[in-house]
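Student: First the structure, which I've put down as structure tokens, then a few questions once you've had a look.
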Amino acid sequence: MCNFGIVESVGSKKGEAVVVKPYLSDSCMGCQNKCGRFGKPIEALNPHQFPLREKQTVRLRVSRIQFFVQGFFSLFFPIVCSFASLFAAPKLVALLFKTDFASRHFQALEFLMVLATFLLSSALVFFLSRTDFVISRPEIEDIIIDG
């Protein structure tokens, strides 16, 4: 999560979300070059009711619980799916081929099923991290530079 951003637009109503363009690097904060080091604009909340204007630089904050849940999900979801398929693969292979014969070919097929489950669950995490799906919006914590 980017810690700083520049205000693009402020809602006209009180409590309305503010559109902020996050800096991709903290070193870009004081830079005057227009090199495009900004991320995609996001909506942020203004819980402290700061008097915001366009072109102000603000500090953003995300709850630590949300940050922890996101990291936990992205790390352990593929591993949990792989272990689940590790126990389900022998039963599924036996069901598909109507045999209990444990040859090398069936063990290789079970391994490929576990590998496919890991890759598919990792791809799911990857694509979900690239969407605009937001559990909660970041909050504006402070005004850094008055633009």
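Student: Considering (1) at pLDDT below 85; (2) part of a helix (DSSP H, G or I); (3) surrounded by 14 or more Cβ atoms within 10 Å (Cβ to Cβ); (4) not charged (D, E, K, R), say which one ILE140 fails and leave the rest.
Tutor: (2)
Student: Out of PRO41, PRO22, PRO90, PRO78, which single residue is of a type outside the set (Val, Ile, Thr) and at pLDDT 85 or above?
Tutor: PRO78
Student: Could you list, ordered by first residue, the pairs with Cβ atoms under 9 Å in which the first is in region 43-70 and under 23 Å from ARG130 (Cα atoms) and open to solvent by 60 Å² or more (accessible area, probe 1.4 Å) and the second is part of a helix (DSSP H, G or I) and not aliphatic (A, V, I, L, M), at least 6 apart or interchain?
Tutor: Pairs found: GLN70/SER129.
Student: Between LEU86, LEU75, which is closer than 30 Å to THR117 by Cβ, touching a residue at least 12 places away in the same chain (Cβ under 8 Å) and part of a helix (DSSP H, G or I)?
Tutor: Working: LEU75 fails: touching a residue at least 12 places away in the same chain (Cβ under 8 Å).
Exactly one of LEU86, LEU75 is closer than 30 Å to THR117 by Cβ, touching a residue at least 12 places away in the same chain (Cβ under 8 Å) and part of a helix (DSSP H, G or I), namely LEU86.
The values are calculated or read from the model by the stated rules, or taken from the named source; none is laboratory data. Just so we're clear, the structure is a prediction, and the values are computed from it rather than from any experiment. In this analysis, Cβ positions are derived from the backbone assuming ideal geometry, glycine residues included, and neighbour counts consider all displayed protein chains. Areas reflect the complete protein model, heavy atoms only, side chains present, ligands, DNA and RNA absent. Shrake-Rupley method; radii C 1.70, N 1.55, O 1.52, S 1.80 Å.
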